[in-house]
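Notes follow once the structure below has been shown.
The values are calculated or read from the model by the stated rules, or taken from the named source; none is laboratory data. This one's a predicted model, so the numbers in the text were calculated from it and none came from an experiment. In this analysis, Cβ positions are derived from the backbone assuming ideal geometry, glycine residues included, and neighbour counts consider all displayed protein chains. Accessible surface areas use protein heavy atoms only, side chains included; no ligands, DNA or RNA. Shrake-Rupley method; radii C 1.70, N 1.55, O 1.52, S 1.80 Å.
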Amino acid sequence: MSITLADQDRPELQKVIEEMVESGFTGVTLRVHDERGEWVGSAGVRKLGETAKPSVNGHVRIGSNTKTFTAALVLRLVAEGLIGLDSPAVDYLPEFGLDRKITVRMLLQHTSGVFNFTGEYYEDGTFAPGIPATTAGQEWVDNRFKTYLPEELVRLALSKPARFEPGTDWSYSNTNYVLARLLIEKATGRSFAEEMQRLILGPLGLSGTVVPETGAEIPEPHTHAYYRYEDAGQQKTVDVTRQNPSWISTGGDMISTTQDLHTFISALMGGKLLPAPLLAEMCKPSSKVGYGLGVFVQDAGENGGTVITHNGGMAGHAALMYSTPDGSKTLTAALNYVDDTALSMAAAFQESTQKLVKEVFGGGRTGSADAAESAQ
């Protein structure tokens with residue numbers, strides 16, 4: 001596929017990402033693969049105070065898109081017979097004393113009820129804190145190079161009351177995916193990073209994708225990420241591009257590029273990673289929010305059909321990943337911004353992603369009826 005210049009052919013796409021920068025994002029890179037070929041463009045700056053635009057091949061911390069990679073890895077191991085999708089998680093991880101009703105499937109679909117170690121928002125508006133995450137202001141800034149062990153995050157979460165009886169409701173919890181990571185390691189006898197390389201990154205040639213473990217670096221090129229907090233009554237903004245991502249662990253620690261995210265989601269939806277029955281399980285929405293196993297199954301709006309997606313934000317970095325159910329059309333993006341305790345970019349994030357999805361998927365056909373059906 002040829003790459004078209006950002007200001008040619010698709011001015012409407014360039015306009016949307018420039019509007020995103022006007023809404024507060026510091027840097028945006030967008031990549032679209034569809035019936036017209038491949039389009040890639042960027043807007044904003046690579047670093048505050050400078051003029052260079054974000055690299056279209058830049059690396060970004062992908063936040064919760066890590067969950068889609070992790071779910072795909074678990075399902076590969078299910079296909080290999082090493083993990084049972086409906087087996088009790090406690091059979092693999094007896095040391096945590098998990099409720100026997102919690103299955104591997106429940107971890108992947110956020111129906112286990114386990115407390116979210118980065119903090120829980122309850123329906124009545126109250127917030128129960130976990131570790132110092134990005135909602136914690138200066139405490140998170142001061143701790144951003146600290147190493148947290150996955151087991152430590154799980155034990156903290158399990159010391160808190162469960163949200164509900166396993167399998168009876170849905171609640172997004174990063175703890176589910178740290179448990180999935182430990183389960184992968186227990187079932188295979190190898191590290192999460194090794195298994196990710198063996199079954200996903202290696203076979204797909206994802207050379208720009210990294211499982212950083214506790215490493216603070218992000219490969220060049222990359223756009224910078226920032227965090228704003230209050231210190232002695234003064235607003236301070238710090239560069240948080242370098243940080244030890246073990247505080248979020250497999251809830252959102254991976255690094256990738258828009259090109260690798262496209263290759264991954266296109267291959268996954270195109271049936272290149274999983275047997276058809278397991279892909280169908282992954283894309284079967286099982287909750288009030290249309291969550292499958294590591295993916296959201298959404299309606300792209302009028303004439304847009306179904307999209308399979310996961311987005312992620314992680315301390316001034318964010319990534320978008322959308323695909324038709326057959327992998328033929330994708331939208332991937334890297335976003336950078338100034339994060340804060342109030343999550344003040346949340347509304348702009350929501351509005352921008354809706355606009356992008358409408359622009360890319362809104363008027364198009366989304367693959368075969370069979371593919372759409374398998375995602376219901």
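Build a GNM of the chain with springs between Cα atoms under 10 Å: which of PRO275, PRO245, PRO88 gets the top mean-square fluctuation?
PRO275
Quick check on the chain: helices-only [θ] at 222 nm, where DSSP H runs of length 4 and up contribute -39,500 (n - 2.57) each and the sum goes over total residues. Nearest 500, please.
Dividing the helical sum by the residues of the chain leaves -8500 deg cm²/dmol.
Say we join alpha carbon atoms closer than 10 Å with springs in a Gaussian network model of the chain; which of TYR172, TYR121, TYR148 then has the biggest fluctuation?
Fluctuation is largest for TYR121.
Sticking to Cα atoms, compute the Rg of the chain to one decimal and its Dmax as the biggest Cα-Cα distance, whole number, in Å.
19.7, 59
Show me, for the stretch 100-114, the HN-Hα J-couplings you get by feeding each phi into the Karplus relation (A = 6.51, B = -1.76, C = 1.60, θ = phi - 60°), rounded to Hz, glycine and proline as x.
5, 6, 6, 9, 4, 4, 4, 4, 5, 9, 6, 10, 7, x, 5
Relative contact order of the chain: what whole-number percent is it, with Cα pairs under 8 angstrom and at least 6 residues apart?
Value for the chain: 24 percent.
Give me the percent of accessible area attributable to carbon and sulfur for the chain, probe 1.4 angstrom.
Ligands and nucleic acids excluded, carbon and sulfur reach 50 percent.
Placing unit charges on C-beta atoms (Lys and Arg positive, Asp and Glu negative, everything else neutral), compute the dipole magnitude of the stretch 52-115 about its Cα centre in debye, rounded to 20.
In debye, rounded to 20, the stretch 52-115 gives about 380.
For q = 0.12 Å⁻¹, what log10 I(q)/I(0) does the stretch 155-222 give under the Debye formula with an equal point scatterer on each alpha carbon and no solvent?
Debye curve over Cα of the stretch 155-222, log10 I(q)/I(0) at q = 0.12 Å⁻¹: -0.49.
Could you derive backbone 3J(HN,Hα) for the stretch 126-142 from the dihedral phi with the Karplus parameters 6.51, -1.76 and 1.60 (θ = phi - 60°), listing whole Hz in sequence and x where the residue is Gly or Pro?
For the stretch 126-142, the Karplus curve yields 7, 10, 9, x, x, 6, x, 9, 5, 7, 9, x, 4, 4, 5, 4, 5 Hz.
Highest mean first, how do 225-236, 345-356 rank when packing is the count of other Cβ atoms within 10 Å averaged over residues?
Most protected by this proxy first, the peptides run 345-356, 225-236.
Once the Cα gyration tensor of the stretch 66-213 is found, what semi-axes does its equivalent ellipsoid get, as square roots of 5 times the eigenvalues, in whole Å, sorted largest first?
25, 21, 13
Apply the Karplus parameterisation 6.51 cos²θ - 1.76 cosθ + 1.60, with θ equal to phi minus 60°, to every residue of the stretch 287-299 and state each ³J(HN,Hα) to the nearest whole Hz, in sequence, with x for glycine and proline.
Coupling constants for the stretch 287-299: 8, 5, 9, x, 9, x, 10, x, 9, 8, 10, 10, 8 Hz.
Can you give me the convex hull volume of the Cα atoms of the stretch 1-117, divided per residue and expressed in Å³?
187
For the stretch 29-74, calculate the relative contact order in percent as a whole number, restricting contacts to Cα pairs under 8 Å that are 6 or more residues apart.
The value is 25 percent.
For the stretch 184-235 and the stretch 292-367, write down the distance between their C-alpha centroids in whole Å.
Here the two parts' Cα centres lie 20 Å apart.
Once you have the Cα-Cα distance between SER191 and LYS101, take 0.36 nm times their residue separation minus that, and quote the gain in nm to one decimal.
Contour length minus the Cα-Cα distance gives 29.8 nm.
Using a Gaussian network for the chain with springs between C-alpha atoms less than 10 Å apart, which of these wobbles most: THR168, THR68, THR257?
Greatest mean-square fluctuation among the candidates belongs to THR168.
Taking only protein heavy atoms and a 1.4 Å probe, what accessible area per residue, in Å², does the chain have with all protein chains in place?
About 39 Å² of surface per residue is accessible.
Roughly what would the spin-label model give for LYS160 and GLU38, points 7 Å off Cα along C-beta, in nm?
Each label point is offset 7 Å from its Cα along the Cβ direction, giving 4.1 nm.
What accessible surface, in Å², does a 1.4 Å probe find on SER207, ignoring ligands, DNA and RNA and rounding to the nearest 10?
110
In whole percent, what relative contact order does the stretch 195-351 give with Cα contacts below 8 Å and a gap of six or more residues?
22
Of ARG31, ARG46, which has the most accessible area with a 1.4 Å probe, and how do the rest follow in descending order?
Reading off the accessible areas and sorting them downward yields ARG46, ARG31.
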